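J.: Got a structure here, written out as structure tokens. Questions coming.
The values are calculated or read from the model by the stated rules, or taken from the named source; none is laboratory data. Source: prediction; values computed, not measured. All Cβ positions, glycine included, derive from the backbone under ideal geometry; neighbour counts span all protein chains shown.
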Amino acid sequence: MVKRNPPVLVSLAMIVMLMGTLFLPLVHSSGLSTTPPTIRASHDLTVDKIDVLPNIVGDKKYYPGMTVVIYVDVMNEGSLSVPPSESYEVVLVVDDMLDNVTTLSARSFGLPAGMNRTIIFQFKLPEHPTYDLPHSYNLVATVNYALDEDLSNNQLLYPSAITVFSPTIFKPRIEVPPEYQHINVVLAGGTNPTPVQIELIIKNEANVQDAISFEYVSVPELWEVPPADVWSIQPKGNVTLKNVVIVIPSNLKYAQNEVDYVIEFRPYSLFYPQGDYPTAEIHFSIDFVPGARITPYEAEKYVSPGRRETVRFNVTNTGNGPDIFDFAIVPDPNAVRYGWKLDLQTRTLYNPLAPGESADVVVMVQCPTTVPQNSNIVLKIKAISQKAPEYESESTIGMRLYAGPYIAASFEKEEYLLYLLPGQVNRFTINVTNEGNGRDNLLRVHAEGAPPGWAISIDQSPLFAGVGPRTTVPLQISIYVPPTSRSGYNYFELVITGGANGVTLATAEVTAHVKPSYGVLLTADEVVKKGFVGSEVTFALTVKNMGNIEDTFDIYEEHPEDWEVELEFNRIIDLSNNFTFDLYYRVIVPPGTPADADRSTPGQDPYPIKIVVVSENDTTVSHTLTLFVEVQPYYHFRFFLKDPLPILFNADDPDAFMLLNVYVENLGNFMESIRFDLVDNFYSWVQLKTLYTAIGYGQTGKAILQLAPPPGMEPGYYNITLRGTVKENSDVVREIPIPLYFYRLDFRVNRIMINDDPYDPDSPPEVFVNHLYAIRVNITNEGTMDYTIARMPPLYVGLYISGIVIGRRNVTYVPRGGYAEVVFRWSPQLTGINQLLIKVDDVGGVPEYNENNNTYTLSLEAPSPQKEEGEKTKSYAAYYAISFLLLVFFLAGFVYFYRKANSIIISPYELGYDETGAYNPAAARAAFEGGERDVTRTAAEGIGPRSPFAQLLPEEKLSPALSKGAPAKRGALPSAAPPQPAAAGGAGAPVTKAPGPAPARVSPPTPAIAGAAARAAPQRPLQARAAPLSQVQRLAAKPAAPTPQPRPAVTRPAQRPPVPLTRPPLKPQPPRPVAPRPVIRPMTPRPAAQP
């Protein structure tokens, strides 16, 4: 039978009740029900339900002393939630209806609207009630909340919620069969426990069903009993337990009449565990069993030969009663063979040992000196019980005893005499012998008492592999004697050690004689010191005589050129051996010294200063010390500009842009890292392109400013300031103000003079064909600054006829409020009205405030030849004759160049006119069929577009007077200055006149115009002959072509087939009416072009 343990069952029952208290609310109610109640008021807490937890068997019958678990459900039936920061109180009143009231309370926080919460209470019934049983209790629950608006439903009554019944109805009982009431146990022996099986009967003598268990009232120490179970037994029923096993330990005291072991059982009902129920007992008696356990304190031990040593064993009584033991040594054959002496000091323990009690057994051991090293024996002890002599216990683990090694060693000599040289390593050999009885791996040799500074090294490698018994090995000894060791005799000792503890085995005395030596040492308190330019740096030096006799030393130094040096004491020093002398060495860093001594290497290199100390007795003995002076960098720089100030900008230039280089010169003595920024930069069009630069000392860098002002800037001065800060020393700051001046230019044609006569548009003068005229143009500067070509874009003035440029002059200087004059030389080639256009800045290179006042139109009429006088007719005849001759020369040159140079110059046939001057493209093509031509044509050469109105000047002629009605007169031009070579249309030097008495400035023509004039001078001009007026008007109406750029002539191979020139004929245009007076029309500025 299996025996049950009532206390354990009670514990299990209490755990089940506690688990039910904690987790049953989670099953019974979630704590926060989601059932939506009826919302009555804003805040309304009510007691929804009171419930009592069933007891351990599942019903609600309670007995005195039991703990009752009560649930109270609180519901929030209002429309507002109780926030988590606010609390409410739940009060539970337990009333026994005999004027005994118990009040329990609990506080909770927060409750959402429409949700409920379960509050758990515990109430313990009195163990000894004063009322008659059965008896009932009423439960009243109340919820209190400060903001509750409806108090009518805050309380709930649960009448007769708890009923208490009488415990006398339970009658559990436990019985032990007679054969198990007294048990005699024979222990298993040794250390093994003994199991005993018993039988128990559990009875229910009550008239009601009961849950019964039992508990152990008393159990012997160290006995093991099984736990009790719970049995549900019907009225007057029983349960028999046949497999109850009790385990008895092995070391019990024996007892028949002396000791009695009792186990007492008590049954109980789980409904009323504290009831007074009868108990049952089982008595056990134990027989005596002897036992002993013997163990050594050490499993093995080394015994030195010839020495007596003590070993110990421990004996423990493992029987079940007190006993006295005798001891004996178990013989070992090896102990008898090698002659070990074993003496048992403890032969009998006269005091009995109780079960489990221990004592020591002592044995004296002696190992003979003749025992070989590492031989061993096993020592065992046996115990004999005096109460049971037949019992003998031998130690299960013996002690193994080893014969220890015999360690001894010796030197070849007891004294050594050596002669040593100072400053060198001296070597010699000694012999060491192992005098022990076995191979020794722990022999070592060292030196003791060596003089200060000596280094003695002994080669121990022959000893590391071990030295056999009575074996000699050589050892090499190296002795370093410092140069400062005094000459004479010195002493030290050699020592041999061995064994695990390094025991001294032998010693030998060494006498060393040291010869004289010389040496010196030079040191400094600081080898590297910092110095500033122009400051003094002092080094504290120490000279030490490293020899072993007195010596005299000379001092020399090597320092940078131009540095001032000073040695405080004499340069000759007398010193005894091992003595020192202090001196001071001062240097002055000259001004302008760079901080980097070697710029070829990265980083900052110090300046070296070498100090040399030489012995006078032995010049081969010296010492060199290199001192270093770190010249500290100082930072200094300056800004400067190579561009003249102020920086000029045209306020009306839409493409104004400039990269301004601000140069930075490093005036310090080290590389400087300079960070740039603008001080109070109020202009978005000013940008700093260089934020940082590194400049070596004595070098120059630059910072780049990008200036891109928008058009329409207000004329005047704008100041910007560039600031530079040294990164290595932020206190070094430099600034440079950069003034910017925005000027405005506005050029206007002030007046026109034909030769020396002013031009009047209301009364224009007459001009004559093939006569040369000087057209003088007066240009005024109405801007805010003098125009100068040195700092401003080139300014050109162009002369146009029928939209074709026939002359261009450049202007170099126009003062503000003043004027400049340019002169064009023009010879009319056609009769009738000649419309001339003068345009200032015709290439658009100079932005102006007003571009609409740059043009001026002249209308000059040339009469027909029939109206001229007879002299004019003769002159024209001569002119045509000359023209014919020039034509002949031109054709001859054409043939010559075609055959010789395989290139053709411009011919009038290319323009579509025949030899008579009539417009006939077909005849022109027929004249050039089968030939190959290269057309090289530029405006600078005076050819211009293909038009009969291109003005090619013949040799210079005199022009008639321009006075009305006056006959034509021949004579020189009124201009005093000789004509300059120019492009087609004539050229004269522009004359500039300032408002004051400043002299006029004349600028030479540009190289392109001058070269073109030189090429065009020998050519004969082309002229249209008998062209109708409609044709003239049609050709004059052609749009102005842009000035073509010069390009090199192209020479083609002669074998290439000729390409005929095909050009569609000009379409006739209706005649354009000629205005009776010239009208000045503003011209739209064109993009800038190269002159």
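J.: Examine the stretch 410-431 for a residue that is closer than 30 Å to ARG307 by Cα, of a type in the set (A, V, I, L, M) and touching a strand residue (DSSP E or B) at 6+ places or on another chain (Cβ under 8 Å), and state whether such a residue exists.
T.: Checked against the condition, which is being closer than 30 Å to ARG307 by Cα, of a type in the set (A, V, I, L, M) and touching a strand residue (DSSP E or B) at 6+ places or on another chain (Cβ under 8 Å), the stretch 410-431 yields no hits at all.
J.: Follow-up. Which residues, taken from the stretch 799-853, are aromatic (Phe, Trp, Tyr) and assigned to a strand (DSSP E or B)?
T.: Selection gives TYR800, TYR813, TYR819, PHE824, TRP826.
J.: Got a sec? Which of ARG427, ARG444, ARG439 is modelled with pLDDT of 90 or more, within 30 Å of GLU300 (Cα to Cα) and not assigned by TED's automatic domain parsing to the domain that holds ARG308?
T.: Going through ARG427, ARG444, ARG439 in turn, the sole match is ARG444.
J.: Shifting gears a bit: Quick one: is VAL527 surrounded by 14 or more Cβ atoms within 10 Å (Cβ to Cβ) and touching a residue at least 24 places away in the same chain (Cβ under 8 Å)?
T.: No.
J.: Here are some residues: LEU583, LEU567. Which one is among the aliphatic types (A, V, I, L, M) and in contact (Cβ under 8 Å) with a residue 24 or more places away in the chain?
T.: After applying the criteria, what remains is LEU583.
J.: So, one more: If I go through the stretch 452-476 residue by residue, how many of them are in contact with a Lys or Arg (Cβ under 9 Å, 6 or more places away or on another chain) and in a loop (DSSP other than H, G, I, E, B)?
T.: Residues in the stretch 452-476 being in contact with a Lys or Arg (Cβ under 9 Å, 6 or more places away or on another chain) and in a loop (DSSP other than H, G, I, E, B): 5 in total.
J.: Of everything in the stretch 150-162, what is modelled with pLDDT of 85 or more and over 14 Å from VAL47 (Cβ atoms)? Give them in sequence order.
T.: Answer for the stretch 150-162, where residues must be modelled with pLDDT of 85 or more and over 14 Å from VAL47 (Cβ atoms): PRO159, ILE162.
J.: So, one more: Select from the stretch 588-624 the residues that are β-branched (Val, Ile, Thr) and more than 30 Å from GLY519 (Cα to Cα) and list them in ascending order.
T.: ILE588, VAL589, THR593, THR601
J.: Please go through the stretch 407-451 and give me each residue that is in a loop (DSSP other than H, G, I, E, B) and closer than 30 Å to ASN577 by Cβ, ordered by number.
T.: Answer for the stretch 407-451, where residues must be in a loop (DSSP other than H, G, I, E, B) and closer than 30 Å to ASN577 by Cβ: LEU421, PRO422, GLY423, GLN424, GLY449, ALA450, PRO451.
J.: With MET75, MET97 as the choices, which residue is in a loop (DSSP other than H, G, I, E, B), within 22 Å of LEU156 (Cβ to Cβ) and not small (Gly, Ala, Ser)?
T.: That would be MET97, the only listed residue that is in a loop (DSSP other than H, G, I, E, B), within 22 Å of LEU156 (Cβ to Cβ) and not small (Gly, Ala, Ser).
J.: Can you work out which of the residues in the stretch 870-903 that are under 21 Å from THR831 (Cβ atoms) and among the hydroxyl-bearing types (Ser, Thr, Tyr) is modelled with the lowest pLDDT?
T.: If we take residues in the stretch 870-903 being under 21 Å from THR831 (Cβ atoms) and among the hydroxyl-bearing types (Ser, Thr, Tyr), then THR873 is modelled with the lowest pLDDT.
J.: Going through the stretch 765-775 one residue at a time, which ones are under 21 Å from LYS839 (Cα atoms) and in a strand (DSSP E or B)?
T.: Within the stretch 765-775, TYR773, ALA774, ILE775 qualify.
J.: Then there is this: Quick test for you: out of LYS380, LYS413, pick the one residue that is under 24 Å from VAL362 (Cα atoms), of a type in the set (Lys, Arg) and in contact (Cβ under 8 Å) with a residue 40 or more places away in the chain.
T.: Among LYS380, LYS413, only LYS380 is under 24 Å from VAL362 (Cα atoms), of a type in the set (Lys, Arg) and in contact (Cβ under 8 Å) with a residue 40 or more places away in the chain.
J.: Only one residue in ASP653, ASP643, ASP598 is in a loop (DSSP other than H, G, I, E, B), in the same structural domain as ILE738 (by TED's automatic domain parsing) and without any contact (Cβ under 8 Å) to a residue 60 or more places away in the chain, so which one is that?
T.: ASP643
J.: Can you tell me which residues in the stretch 562-598 are among the β-branched types (Val, Ile, Thr), within 16 Å of LYS544 (Cα to Cα) and surrounded by fewer than 17 Cβ atoms within 10 Å (Cβ to Cβ)?
T.: Scanning the stretch 562-598 gives ILE572, THR580.
J.: Okay, moving on. All but one of (1) touching an Asp or Glu at 6+ places or on another chain (Cβ under 8 Å); (2) over 30 Å from PRO54 (Cα atoms); (3) loosely packed, with under 13 Cβ neighbours inside 10 Å hold for ILE294; state the number of the condition that does not hold.
T.: The one condition ILE294 does not meet is (3).
J.: Sticking with this structure for a sec: State all residues of the stretch 206-219 that are in contact with a strand residue (DSSP E or B) (Cβ under 6 Å, 6 or more places away or on another chain) and modelled with pLDDT under 90; if no residue qualifies, say none.
T.: Matches in the stretch 206-219: ASP210, ALA211.
J.: Something else about it: Does TYR158 meet the test of being part of a strand (DSSP E or B), outside the structural domain of LEU222 (by TED's automatic domain parsing) and over 23 Å from TYR272 (Cβ atoms)?
T.: yes
J.: On the basis of being touching a strand residue (DSSP E or B) at 6+ places or on another chain (Cβ under 7 Å), at pLDDT below 90 and under 30 Å from ASP276 (Cα atoms), does ASP59 make the cut?
T.: In short, no.
J.: Might you let me know whether the stretch 850-869 holds any residue that is among the basic types (Lys, Arg), at pLDDT 90 or above and not assigned by TED's automatic domain parsing to the domain that holds ASP652?
T.: Checking the stretch 850-869: not a single residue is among the basic types (Lys, Arg), at pLDDT 90 or above and not assigned by TED's automatic domain parsing to the domain that holds ASP652.
J.: Looking at (1) part of a loop (DSSP other than H, G, I, E, B); (2) over 30 Å from ILE549 (Cβ atoms), can you tell me which one THR619 breaks?
T.: Failed condition: (2).
J.: Additional query: Hand me the list of strands (runs of 3 or more DSSP E) wholly inside the stretch 669-739 holding 2 or more residues that are aliphatic (A, V, I, L, M), free of Cβ contacts under 8 Å to residues at least 24 places away in the same chain and in contact with a helix residue (DSSP H, G or I) (Cβ under 8 Å, 6 or more places away or on another chain).
T.: none
J.: Sticking with this structure for a sec: Hey, can you tell me all the residues within the stretch 105-148 that are buried (at least 16 other Cβ atoms within 10 Å of the Cβ) and either outside the structural domain of TYR62 (by TED's automatic domain parsing) or under 20 Å from GLN274 (Cα atoms) (or both)?
T.: Listed by number, the residues that qualify are PHE123, LEU125, PRO129, HIS135.
J.: Filter the stretch 740-764 down to the residues that are closer than 30 Å to GLU861 by Cα and assigned to a loop (DSSP other than H, G, I, E, B) and list them by number.
T.: Those that are closer than 30 Å to GLU861 by Cα and assigned to a loop (DSSP other than H, G, I, E, B): ASN755, ASP756, TYR759, ASP760, PRO761, ASP762, SER763, PRO764.
J.: Does the stretch 530-554 hold any residues that are surrounded by 16 or more Cβ atoms within 10 Å (Cβ to Cβ) and either at pLDDT below 85 or closer than 30 Å to PRO451 by Cβ (or both), and which are they?
T.: Within the stretch 530-554, LEU541, VAL543, LYS544, ASN545, MET546, GLY547, ASN548, ASP551, PHE553 meet the criteria.
J.: Might you check whether a residue that is in contact with a helix residue (DSSP H, G or I) (Cβ under 8 Å, 6 or more places away or on another chain) and either small (Gly, Ala, Ser) or not in a helix (DSSP H, G or I) (or both) occurs anywhere in the stretch 385-401?
T.: no
Table: residues versus (1) in a loop (DSSP other than H, G, I, E, B); (2) under 14 Å from HIS283 (Cα atoms); (3) touching a residue at least 40 places away in the same chain (Cβ under 8 Å); (4) of a type in the set (S, T, N, Q).
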| residue | (1), (2), (3), (4) |
| --- | --- |
| ALA188 | yes, no, yes, no |
| ALA211 | no, no, yes, no |
| GLU221 | yes, no, no, no |
| ASP229 | yes, no, yes, no |
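J.: Give me the residue from the stretch 780-819 that is under 18 Å from ALA651 (Cα atoms) and among the polar types (S, T, N, Q) and, out of that set, surrounded by the most Cβ atoms within 10 Å (Cβ to Cβ).
T.: ASN781
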